[in-house]
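Working notes, beginning with the structure itself.
The values are calculated or read from the model by the stated rules, or taken from the named source; none is laboratory data. Only a predicted model underlies this, so the values are computations on that prediction, with no experimental measurement involved. Because the Cβ atoms are built from the backbone with ideal geometry, glycine has one as well, and the counts that use them run over all protein chains shown.
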Amino acid sequence: MRSCRSFDVRVLVTIVCGLLTGIVLGLGIWRMVVRINRGSSVSVSSTPVQFCRNGGTWQNGRCICTEEWRGLRCTIANFCENSTFMNFTFGKIPVGRYGPSFQICGPNTVNAGQPQATRLCGVSEYGVIEALNVTIGNCDKNLEILEKQINDISNNSQNISSDAQVLTTDASKLTAENITSATTVVGQIFNKTRNANSEAKKVAVTTVSQILDASEDVFQKAAENDNSNSFSNLIEQMENYSFSLGDEAVVEPNVAIQSVSRNSDSGPSVLFSVQKGSSDSLVSSETSINKTADELKPDGQTELQILLNTGGNKNSCGFVVYQNHKLFQSKTFTATSDFSQKIISSKVNASEQEQNNVSVKMVFNPTYDKREFQLYSYACVYWNILKKDWDTAGCQKSVNASGFLGCQCNHTTNFAVLMSFKKDYKYPKSLDVLSNIGCALSIAGLAITILFQILTRKIRKTSVTWVLVSLCISMLIFNLLFVFGIENSNKNLKTSDSNINANPNENKIPETDTIETPNPSCTAIAALLHYFLLGTFTWNGLSATQLYFLLIRTMKPLPRHFIVIISLVGWGVPAIIVGVTIGIIYALSGNKSYWELDYRQEEICWLAVPKNNDFARSPLLWSFIMPVTIILITNIAIFVIITVKVLWKNNQNLTSTKKVSSLKKVLSTLSIAVVFGVTWIFAYAMLINNDDIRIVFSYIFCLFNTTQGLQIFILYTVRTKVFQNEASKILKSLSSSFDRAKPMPSMTPLKLRVRMYNMLRSIPSLNERFRLLEPSVVTEETSLS
């Protein structure tokens, strides 16, 4: 009769647990459906995912296309197809650029591996895109050799300029020494005293545009070693060249030069405008000149506009636009992003004394993704040739129409606005109900399990299960940190572009183009989360190791000082990994004042994810995923061995019923799976590149792992006879106290107590003789507790 009642209680408990699991899963699925519906409703009103084609990106209400495409949706071809000329073949070439030939210089030549020729892709007078002239280079000349030939440039300018253009076609292969040599060569080609012909100078503009495609790191190294001031010389010579073109313009993807001729009928001001294009490259149709304008006239498509006020001076003037700042390597301003920071040069062809009455007004409309970044501050500056750095003397900010950054200066030279941006991080919402409930239950269960293991060691006649207690302590601290510290307090700091300071009296140069708000407490939380989660997995692995020794290698004693060794490993190895990771990241940051985001994320206080798929430098990969993967693989292997050889091995001496035996085996298997952390394998399923599958596994992962502490409490505490006996005593004591306070004639409370007591006593528990730290008492009849 008792066994029947016990069996009924087990069935009841199983049904209740199944219903609870179903409710939790149902809530998870319901939340998933609501989230999907919200996502679909938002996407209807926003731009379709595939609106911009062929690699185009949606920014600020329009598609920004790659150089190969143009149009509203980046669907109009803007390139030349594969072509051949003589013995040379060329691949796809964007309009306005030179493409290298597939034929390269031989291994025994000076330019081994470099293309033998380049070909221009342009637009004919009828608007047809076609491959134009081919320039054949000299495999026996490199940039260093050309640099030595500039003394005799007047007789050889066309060949030297063409060779330099061919040698700089592939900017990804340029070194710092190449940059220095190339800028020296083209700077001398622009020099009037060298008497280079006009065609050589136009080709030199192409060379300047090509070298501006080289990486920022290469330019920084070149500037450090630029003892001959080749950058400054090139900038000055291009300013002077901008006077010599009449009213003609030379426009390349990264450089635009515009000359303006003036006479007695010309007005006192000249307006030069650069309009926004469908890509990040400059094109001739986007620049314009207005000789009679008397004020700035920006519109919604204006990216840059400068009004040059020459007063009574009617000499010619010139403008040079640089697509980026790479020729202007500053010591005070550090550029770390790819924001559009155009440089504009305006100058009048007059003596230094006549320049005193010249002034400029400018507006800049910076191009950046307003969904990700917010403009934080800006400064109006000019390039000081003597200091070789940005300066604010004579320049100040001015108030202009919304969306434009205004500047005015009382002199002419190369101008820019140095902007600093703050990333508009998408901070996640607070933990959802499912995570909060799971973590709260785990925290309670882990705390009770720790107290139970320590306080009842004499009653259970066994020593404290040190591995289990250490595992619970590490997991408990991690859960507490996760619930109360995972969110970054910076999420409460809000800024907007409307807060930009345009006070003319405040024109301070920012230190960098990206502003981060330091949060040392978030970094500390990330490090502690890193440590205790690594510690949890380490103790999972030590639990697997210990059970392997006790259950598989039963005839051999544990190694000497086993507890001391595993304690050092369990608490020491994670500390070493975290310490080395932070030390390496801090050392690699160099002079970087803000290094925290190389270690942690800004959105949450957790390890940084790879940037631009740079997994090799990801702390999440090397200091967490790799060690955890090794531990999980080892644990799963030991789990399979123990499950097959011990738990599900047929026992001929088994006297209990088959159903009870199977239940014990299932519960024992679950006990080991939980303490080994096997359920964390669902985290890898979340890496699947399918949103629907990933969401499902995310909820499964959340269900199993946020409640891992609760599972340990149920399997390692509730199921023990000691806990059941103590719980029944507490219930009896509470019931008796309640009866004394409020006596009731009915016998219902007594019956309820009896039923509760019988239910707790009837829950199946495993044999208490198994002691994790005392292998001598382990026998064949031992089962897991």
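On inspection, ILE638 fails the criterion of being surrounded by fewer than 16 Cβ atoms within 10 Å (Cβ to Cβ), on the phi < 0 side of the Ramachandran plot, modelled with pLDDT of 75 or more and not charged (D, E, K, R). Within region 594-614, identify whether any single residue is at pLDDT 80 or above, part of a helix (DSSP H, G or I) and hydrophobic (A, V, I, L, M, F, W, C), and answer yes or no. Yes, because at least one residue in region 594-614 is at pLDDT 80 or above, part of a helix (DSSP H, G or I) and hydrophobic (A, V, I, L, M, F, W, C).
Every residue, every condition in (1) touching a helix residue (DSSP H, G or I) at 6+ places or on another chain (Cβ under 9 Å); (2) closer than 17 Å to ASN414 by Cα; (3) modelled with pLDDT of 85 or more, yes or no:
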position	(1), (2), (3)
ILE211	yes, no, yes
SER228	yes, no, no
ALA256	yes, yes, yes
PRO268	no, no, yes
LEU271	no, yes, yes
GLY277	yes, no, no
THR287	no, no, yes
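Selection of region 292-349 for residues being among the small types (Gly, Ala, Ser) and more than 32 Å from the chain's Cα centre (by Cα) yields ALA293, GLY311, GLY312, SER316, GLY318, SER345, SER346. Only one of the numbered conditions (1) at pLDDT 50 or above; (2) in contact with a Ser or Thr (Cβ under 6 Å, 6 or more places away or on another chain) is not met by GLY61, and that is (2). Considering the conditions (1) over 22 Å from ASN414 (Cβ atoms); (2) in contact with a Phe, Trp or Tyr (Cβ under 8 Å, 6 or more places away or on another chain); (3) of a type outside the set (Gly, Ala, Ser), LYS314 is excluded by exactly one of them, (2).
Among the residues making up region 125-145, those that are among the aliphatic types (A, V, I, L, M) and either more than 15 Å from ASP170 (Cα to Cα) or assigned to a strand (DSSP E or B) (or both) are VAL128, ILE129, ALA131, LEU132, VAL134, ILE136, ILE145. Residues in region 371-390 that are among the charged types (D, E, K, R) and surrounded by fewer than 16 Cβ atoms within 10 Å (Cβ to Cβ): ARG371, GLU372, LYS387.
Annotation note: of VAL255, VAL270, VAL251, VAL283, the sole residue that is within 45 Å of the chain's Cα centre (by Cα) and more than 22 Å from SER209 (Cβ to Cβ) is VAL270. Filtering region 330-357 to residues that are modelled with pLDDT of 80 or more, within 17 Å of VAL255 (Cα to Cα) and in a loop (DSSP other than H, G, I, E, B) leaves only LYS342. The numbered conditions (1) touching a residue at least 40 places away in the same chain (Cβ under 8 Å); (2) farther than 15 Å from VAL320 by Cβ are all true for THR193 except (1).
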